[in-house]
Every structure is written in C-alpha cells, then in structure tokens.
1. Of all accessible surface on the chain at a 1.4 Å probe, what whole percent is carbon and sulfur?
2. Collect residues whose amide H, placed 1.01 Å from N in the peptide plane, falls under 5 Å from the amide H of residue 129; neighbours closer than 5 in sequence don't count.
3. Order 152, 180, most accessible first, counting only protein heavy atoms with a 1.4 angstrom probe.
4. Suppose R0 equals 35 Å; then what is the FRET efficiency for residue 73 and residue 105 from their Cβ-Cβ distance, rounded to the nearest 0.05?
5. Considering only 36, 127, 161, whose Cα is most displaced toward the positive end of the charge dipole of region 26-166, charges sitting on Cβ of Lys, Arg (+1) and Asp, Glu (-1)?
6. 7 Å from Cα along Cα→Cβ at both residue 59 and residue 17: what's the point-to-point distance in nm?
7. Test of understanding: extend the Cα→C-beta vector of residue 146 to 7 Å, then name every residue of region 48-67 with backbone N under 20 Å from that spot.
8. In a shell of Cβ-Cβ distance under 15 Å around residue 57, excluding residue 57 itself, what net charge do Lys and Arg (+1) and Asp and Glu (-1) give?
Amino acid sequence: MIKENKKLLIKIGLLYLYQSLVYFLSKFTPVSKHVIGNSIDDRIPFIAFFSVFYVLWYLAIIVIPLILNKYKKSELKKYFWNIIIGVTICGFFYLFYPTTMVRNDVEIKGFFTLVVHIIYFFDQPVMNLFPSMHCLFCFYYIYHMLFNKEIDKRWRIGMIVFSILVILSTLFIKQHVVIDVISAFIISIIVYTITSLIFRKKGA
C-alpha cells in the first residue's frame, strides 16, 4: 500500500511538473500577445476573498487523484490522460495565440488583498490566459466527481462546490476573463467525452 501510494504521488508530481513547464515555457513564445476581455468582464466585481480558493487549487491537484485511488481506481488512468491532453491543447494555444489582459493595481488592505498581490507578483508576465488551466482542471474535477457515484457523497459534493468556487475565483480576482473559462470548458468536455468513449470501448 505504501509503495502504491508513493507511485501515485510521483505520478501526481510529474503531472504538476508537466503542467508548470507547459505554462511557464510558453511565456517565451515569440508570437505577439493579444489583449482579451470585454464589457462583461468589466462588470464582474473584484473580490479579494476568492484568492483563497484560487490558491487551494494547488492542493486539489493532489487530493482529487487520492480520492479516485481510494474509491474508483479505474478512473485514475482516464483522469491522468484527461489532464495531459487538456494541458497539451492549452500549450498549443499559449504558443500560437498568446493572450494578455489589463490588470488593475491592487492596494494591499488586508490578508486577502495581500494574497492577490502575491499571485500577481509571481504570475509575470501577464500572458497565456486563454484557456484557463485552473478552470480546465476544475471542470475535470467536476466531471469525475459527478459521474462516479461510487465516491463518497460528501467528497463528491464538496469537490464539485470547491471546483465551482475556484472557477469563480479566476474571474473575481481578475486572473482571467470569461472567454478563458468558456474555452477551458469546451476543451475539457470534448476531451472528457472522447476519453470516456475510448475507455468504455476498452472496458477499462
């Protein structure tokens, strides 16, 4: 059991490393950046409190595979393939259609605005927002929790609600715009549907 958990944690670590490399290396693309955002995004309020959910997303990268491993191991392989394919597709967008947005300066007035300030500080330069990887992962979390009733109901409801809050956080702390969320949803649902059909055909 310990050996099995070590292998799973290594896979999770490699997955996170792959996602990070795709995101940060794509920032060196020579292609000109496109400014995105519209009037709808301007109407979305800035809510610093949601930075908590944005940061906790990094913990969910570990938690979700552990939940699947405990309740439905057969979903693990599909989950990893969903993430790998989705991140790779995002990488192509980042390389050939890099995007940016105009961020407002955040005045530090308390803990939550400090967290936002730290997020902004480390996420430089402001580019490769479309599609949102935060949202991509969360949509996968939702699908895997929603369609696997073998998982404890408390985990399913908790992770679905958490994922929705993370998706909202990307908009409320002005890390992404609506089109970033929509594009992540389109990619995730297409990839999840295809992998589900393939694994069902194989009987996995």
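The values are calculated or read from the model by the stated rules, or taken from the named source; none is laboratory data. Model, not experiment: these values are computed from the prediction. Glycine gets a Cβ as well: all are built from the backbone with ideal geometry, and neighbour counts include every protein chain shown. All accessible areas refer to the heavy atoms of the entire protein, side chains included, with ligands and DNA or RNA removed. Shrake-Rupley method; radii C 1.70, N 1.55, O 1.52, S 1.80 Å.
1. Carbon-and-sulfur percentage of accessible area, whole number: 72.
2. Hits under the 5 Å cutoff: 99.
3. 152, 180
4. 0.15
5. The residue sitting most towards the positive pole is 161.
6. For the pair residue 59/residue 17, the computed spacing is 2.5 nm.
7. Counting only backbone N, you get 57, 60-61, 64-65, 67.
8. Neighbour charge sum, excluding residue 57 itself: -2.
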